[in-house]
Every structure is written in structure tokens, then in C-alpha cells.
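Everything on this sheet refers to the single structure shown next.
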Amino acid sequence: MAFIAAGNILLEYVIGGAAVARSWTSYFATLCNHKPEDFRIIVHSMSEDYGHLDPIAVVVVCVICVLAVLSTKGSSRFNYIASIIHVIVILFIIIAGFSKADAKNYSDFMPFGIRGVFKSSAVLFFAYVGFDAVSTMAEETKNPARDIPIGLVGSMVITTAAYCLLAVALCLMQPFREINVDAPFSVAFEAVGMSWAKYIVAAGALKGMTTVLLVSAVGQARYLTHIARTHMMPPWLAQVNPKTGTPINATIVMLSATAIIAFFTELDILANLLSISTLFIFMLVALALLVRRYYVSGETTTANRNKLVACIVLILASSIATAAYWGLSDNDDWIAYVITVPIWFLSTVALHVAVPRARNPKLWGVPLVPWLPSASIAINIFLLGSIDGASFARFGIWTVVLLLYYFFFGLHASYDTAKEAAENKMGDGLKKVEE
């Protein structure tokens, strides 16, 4: 489960970086007074989803790779200054957008009904990828027990507020059917007669996306470094350059994959696949939290372990049944929810009442356990039910590839490493495999 989660985190960062790199090209085109698609090479002999080649996105990723390899401190300083500029641009977009607001554009407030809202919510996870990169920086913060939770929760609150305000401003400026997919704000300002503003928006977007790519490059390289330290991935990926203090090999490998995908793949495919990967990871995190709080190997009794397993299985089963019914049914029939939702609720109640906690957080912990993680499991799985089948097929192929690699290579290499560590008395074997 840990390897599948790790593999999907890497997939999330690669796809997210590829999507942002393609958007970079679109906004760069608008800055140069071109249409968003003008700088892409269209190959008619290839599939529509993969035939819009984007060489500029590849160049951008290569530049980001060089910056990420040179210095973490330098990258941090660049991000610090760039973030201040980006906040100013966001405030400008919100204020200028609301100054051109037309309430008539909100007259058809939910044009695709409740299903459209949840389908959009599933893809909207695209916008939240990145805040979890804060967790990868624990080795490079002075007080991680305090700073990491503040960074995670703070960035989440700011991201949510900013996204909502930007979305409202965009939809009030331009009817939703006329919003440009590739460079929405630049085109919207041009449509309301503020052509000069599109240059500020495009420049701000380019700077913002450059920052996103750099943060993503730093985060994904550190994920891969941690995995490689266990020998689940080739250990040369864990090497840190003594001069720059950065994992050069991991950075180059991850950004090479990002550049290849950015060159070929259309944005809508990337968005759906990214959303599946992210929702799946967040569900696993919530599940892992329940296991961590209620189970300690060697201390939890067999009876309590069995009760925990039963509760988790029921929470998962009821959530999957709710999502499957929502995704497969075309009408507004609600009879199945009368069965599945109470099962989820009673399973969570049973976990709260019948299973004693085995571990409490020492410094900082998620509140409202088990209710918050249980609700997270249900919501993430429910949103998965709104994503198209083709994206699930791609996700399934990636998971199969991960499992084949794990069972034929990763499992054996990590076991040998742990056994060697135990024989050399370098630690507690499997428990201390990373060290």
C-alpha cells in the first residue's frame, strides 16, 4: 500500500508539472498577442489527445530542472520574492474582475445540475496539488513539528480562499460557455474591454506557474529520494550532491518524465488523471491515519485489531458503493443512499466507541478522529465516482506497472537492505530501513 501511494504521489507531481508547463505555453502565447494554441505543433496523423505537441513546455521544464538542481536555498529565495509578486497579481485580478462583473452571468448558476458540481469538484483537485509538498521539506525546516502543520493548514486556507474569489470573478466577467480553457483570465479581460490587463494577467500567470513548477520539482525529487533510500527504487536516485545539497539524479529523472508527458498530452487528460491520483492518495492518507491511531503492532489485542479491520472495511465498502451508484446511475434515484450512508455512519460510530485508541499524537495531530478521516475517505471516494472511465483505465495501467516493479524488484531490494542493516546492527532492520 505504501509503494502504491508513493508511486501515485510521483505520478501526481509529474502530471501536475506537465499540465502547468502546457498552460505556461498558452499564457505565453497570449502575452505575445497570439491565440493560446498558436505555439503548439499540431500533428494530424496522431490522436487528438496526443497530437498537439508543445516544445515550449519542454524548454520551460528544462530551465526549471537547472534551477532546482543548483540550490534549494536559491530556489526558496526566488519563490519568496515571486510569491509576493504573485499575490499582488492575484489581488489585481480579483479587484479588476469584480469591477467588470455582470450579475447576469450568474443567472444560470448551476447549468449542469448537481452532477456537474460534483464532476467539477473531482477535477478541481487539480488546483490543490502542491500544498502537500510542504510535508517533503521536513529535513529543511528548523522546527518541523511546528512549521509543517502551520505550512500545510495555512497554505490550504489561502489556496481555497484565493481560488474561490478568482473563480467567482472569472464567471462574473464572462459567460461560462465563452471562457477559454487554455488562458481563461487573459481572454476574459480582453472580452470585457480591458485588453491592457491581459498582459499583467499573462505575466503574473507565467511567473506563478514558474513558481509552481519549481516547488513541484523540489518536492517530487525529495519524494523519490526518500523512496530510493529504502532501495525500493535504485539507490543512485538517493544521492545528494555535496556541492549543491540537492538530489540531482532524482530531479533530472522526474523532470525528464514531466517534459515527455508535457510534450504530447492534452490538458483535459492530465487533469482527470491527476485528480484520480490525488483523490486516491488523500483517501489512503486518511485510512493510514485511522490505522496509526488505533493500531500498534505488538500492543493492540487481536480482538481490537479485528474490530478495527471490520470498521475500516465497512467504511470503505459503504463509500465505494455510494460512489459507484452515483457514477453509474443516470437518474436522481436516492434509495441506495438510504442503505450506504447509514452503514458508513454506524461503522464510524462503532470505531469511535468500540475500538480503544492505541496511540495519541505527541505534538500535533488531526482533530475529530475518527470522524474527520472517515469523512475524508467517503468524500474522496465519492468524488472518484464522478471521473470518466478512460481515466480510470489509465490509472489502472499505472497501478499494474507499479505492482510489477514492486514484486519483481523493489520488494527484494528493500528486504536485502533491511536484512543487511540488521546483521550489521545498524538499526532495527525493517523498522529502521530508511536510516
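The values are calculated or read from the model by the stated rules, or taken from the named source; none is laboratory data. Source: prediction; values computed, not measured. Cβ placement follows ideal geometry from the backbone for every residue including glycine, while neighbour counts extend to all protein chains displayed. These accessible areas exclude ligands, DNA and RNA; they are computed on the full protein's heavy atoms, side chains included. Shrake-Rupley method; radii C 1.70, N 1.55, O 1.52, S 1.80 Å.
Values as computed for the structure displayed
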| item | result |
| --- | --- |
| Members of segment 280-307 found to be on the phi < 0 side of the Ramachandran plot and in a loop (DSSP other than H, G, I, E, B), listed by number | TYR295, VAL296, SER297, GLU299, THR300, THR301 |
| Check on ALA317, of a type in the set (Gly, Ala, Ser) and farther than 16 Å from ILE377 by Cβ | no |
| Lone unmet requirement of (1) closer than 28 Å to LEU166 by Cα; (2) open to solvent by 20 Å² or more (accessible area, probe 1.4 Å); (3) in a loop (DSSP other than H, G, I, E, B) for HIS44 | (1) |
| Selected residue [in contact with a Leu (Cβ under 7 Å, 6 or more places away or on another chain) and open to solvent by 30 Å² or more (accessible area, probe 1.4 Å)] from TRP364, TRP398 | TRP398 |
| Where a residue in segment 26-46 is more than 15 Å from VAL201 (Cα to Cα) and its partner, wherever it lies, is open to solvent by 60 Å² or more (accessible area, probe 1.4 Å), with Cβ under 8 Å and at least six apart | PHE39/PHE28 |
| Verdict on PRO36 being in contact with a Phe, Trp or Tyr (Cβ under 9 Å, 6 or more places away or on another chain) and surrounded by fewer than 17 Cβ atoms within 10 Å (Cβ to Cβ) | no |
| Qualifying positions in segment 408-434 - part of a helix (DSSP H, G or I) and either under 17 Å from ASN8 (Cβ atoms) or modelled with pLDDT under 60 (or both) | GLY410, GLY429, LEU430, LYS431, LYS432 |
| Only one of GLY245, GLY219 that is assigned to a helix (DSSP H, G or I) and either closer than 20 Å to VAL63 by Cβ or at pLDDT below 85 (or both) | GLY219 |
| Residue in segment 80-98 that is farther than 21 Å from LEU206 by Cβ and in a helix (DSSP H, G or I) present | yes |
| In segment 89-116, the residues that are surrounded by 12 or more Cβ atoms within 10 Å (Cβ to Cβ) and among the aliphatic types (A, V, I, L, M) | VAL89, ILE90, LEU91, ILE93, ILE94, ALA96, ALA101 |
| Count of residues meeting criterion [farther than 21 Å from MET137 by Cβ and basic (Lys, Arg)] in segment 193-232 | 2 |
| Segment 179-200, residues that are part of a helix (DSSP H, G or I) and under 24 Å from the mean Cα position of the chain (by Cα) | PRO184, PHE185 |
| Some residue of segment 220-232 being of a type in the set (D, E, K, R) and surrounded by 19 or more Cβ atoms within 10 Å (Cβ to Cβ) | yes |
